[in-house]
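Only one structure is covered here, and it is reproduced in the block below.
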């Protein structure tokens, strides 16, 4: 992990009317870091993520993503990040190759590069010969692994993963994390939300949001020490139980 | 007769292009007053089975009985006595909390007052918002309302299809506490989940994968059948450590489990010393190894391989 900061947020706040969804959050994420972004439903994770992706204007505070300002340079941010969620991933009625071409094309990857990328991606996923298969015909686990590889097809500085492994079988879930480790080793910063607490333990650092604030931020090992818990599940339960507001 | 009996159920979906065998001959039964967990990933066949048992889908072959009634021929009786909470929120979005509940009570010829005792614990949590439209509720509140609607006619069997999917760890815990209170009322509960850790909260579970049952037992029974010593290993360099372990031909499997990797050897002659030797060669920092008891997820993955 390198010292270069890929995300910086300082007192980042978002209000909807008199409701403060995100309340003065401050943190930094380094290049290549796997950063877990946890919180109960309604704690403000999605709102915070939307601001960092350049999709929602903050009410106050400052933040930069991949070196770009979230207020003024949100279009550059969109070009330099990848995004994947369980809900939104690939086009089911396009083939694997067409999906790769579509997403890479949108991000301005050249045709020549797309060809090379398609070949290397198929090899990495052990899916050679499946280029013409419709995405609809793939098992969920394959879809999710493919969706991740496509989310980073343009070599973004950061990839945002919103519950990427929901409902996936336990073996595929682990294969998915192998892909995350590999991307991180290539210098891509990973910003990930999950409801699986064992996955929180795979992160270099984890932040836990409660009622719009970041109430804890540290490595999983340090968090477990601080909260005298034997697992991240124990840490999460202690913090999330303090929540005052509902979803 | 047991409240749920399933005998060799087969369900296949056919389109012009493909044939999907959703259920490949499933059999198990659920005892009265049991919380029975159907545990498996998306695409395992859980929802197809739920829809067959609640008489919303016909099986290709095999038999299933709810409280002794045949799901194919006695659907009217079955619909009177089961509660069903589908995985997808299916209440009326443009009716309020109270209107939804009254609607379902009326359909079943009862009233909110009559069975209030059963839903009281859950309903009082959403009652302050009873005039709010269901479409405007948060995920956790929708889940509570859906459970109330599934319970309002005092069903003898309750079917809950992935009630905790996408729900955070705290709300999941609360939901399971609600289920245990319902169990005390004598209601039989069949509940599906993709979260393996929820298996330990069930009386018995069936592990399901690709339309087939891998195992049916108590949670302790399933972990007791693992049959091989299991080692938990960790070091500062987790990813290189996993690669080094996997490269050893004596290793059957090595899966990451949070802060540890879980390792199984192909034969029992290998043990802790083998892993310690591996560390002696590679010199990982803060290396640690100890024996552990398998959990449901260890067992599920071992069964998936067979």
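The conditions of being more than 8 Å from chain B (Cβ to nearest Cβ) and over 30 Å from residue B:19 (Cα atoms) are not met by residue A:233. I'd like the full set of residues that are assigned to a strand (DSSP E or B) and more than 10 Å from chain A (Cβ to nearest Cβ), limited to the range B:235-253. Correct list: B:251, B:252. Residues of the range A:74-103 that are out of contact with any helix residue (DSSP H, G or I) (no Cβ under 7 Å at 6 or more places or on another chain), in a loop (DSSP other than H, G, I, E, B) and surrounded by fewer than 17 Cβ atoms within 10 Å (Cβ to Cβ): A:87, A:88.
Within the range A:227-246, the residues that satisfy the criterion of being in contact with a strand residue (DSSP E or B) (Cβ under 7 Å, 6 or more places away or on another chain) and over 15 Å from residue A:195 (Cα atoms) are A:242, A:243. Within the option set A:167, A:141, being more than 15 Å from the chain's Cα centre (by Cα), facing another protein chain (nearest Cβ under 8 Å) and at positive phi holds for one residue only, A:167. Just one residue in the set B:143, B:117 is modelled with pLDDT under 95, part of a helix (DSSP H, G or I) and closer than 20 Å to residue B:50 by Cβ; that residue is B:143.
So which strands (runs of 3 or more DSSP E) stay within the range A:15-73 end to end and still have 3 or more residues that are within 14 Å of chain B (Cβ to nearest Cβ) and in contact (Cβ under 8 Å) with a residue 40 or more places away in the chain?
Ranges flagged: A:34-39.
Only one of the listed residues (A:155, A:215) is more than 13 Å from every other protein chain (Cβ to nearest Cβ), in a loop (DSSP other than H, G, I, E, B) and either surrounded by fewer than 19 Cβ atoms within 10 Å (Cβ to Cβ) or within 17 Å of the chain's Cα centre (by Cα) (or both). That residue is A:155.
Of the residues examined, residue A:195 is one that is out of contact with any strand residue (DSSP E or B) (no Cβ under 7 Å at 6 or more places or on another chain), buried (at least 20 other Cβ atoms within 10 Å of the Cβ) and in a loop (DSSP other than H, G, I, E, B).
May I ask you to verify whether residue B:190 is crowded, with 17+ Cβ neighbours inside 10 Å and closer than 22 Å to residue B:81 by Cα? Yes, satisfied. Here residue B:105 does not fit the description of being in contact with a strand residue (DSSP E or B) (Cβ under 6 Å, 6 or more places away or on another chain) and in the same structural domain as residue B:162 (by TED's automatic domain parsing). Among the residues that make up the range B:37-57, is at least one of them assigned to a loop (DSSP other than H, G, I, E, B), buried (at least 22 other Cβ atoms within 10 Å of the Cβ), within 14 Å of chain A (Cβ to nearest Cβ) and touching a helix residue (DSSP H, G or I) at 6+ places or on another chain (Cβ under 9 Å)? Yes, because at least one residue in the range B:37-57 is assigned to a loop (DSSP other than H, G, I, E, B), buried (at least 22 other Cβ atoms within 10 Å of the Cβ), within 14 Å of chain A (Cβ to nearest Cβ) and touching a helix residue (DSSP H, G or I) at 6+ places or on another chain (Cβ under 9 Å).
The values are calculated or read from the model by the stated rules, or taken from the named source; none is laboratory data. Just so it is clear, the model here is predicted, and its values are computed rather than measured. Cβ atoms come from the backbone with ideal geometry, glycine included; neighbour counts cover every protein chain shown.
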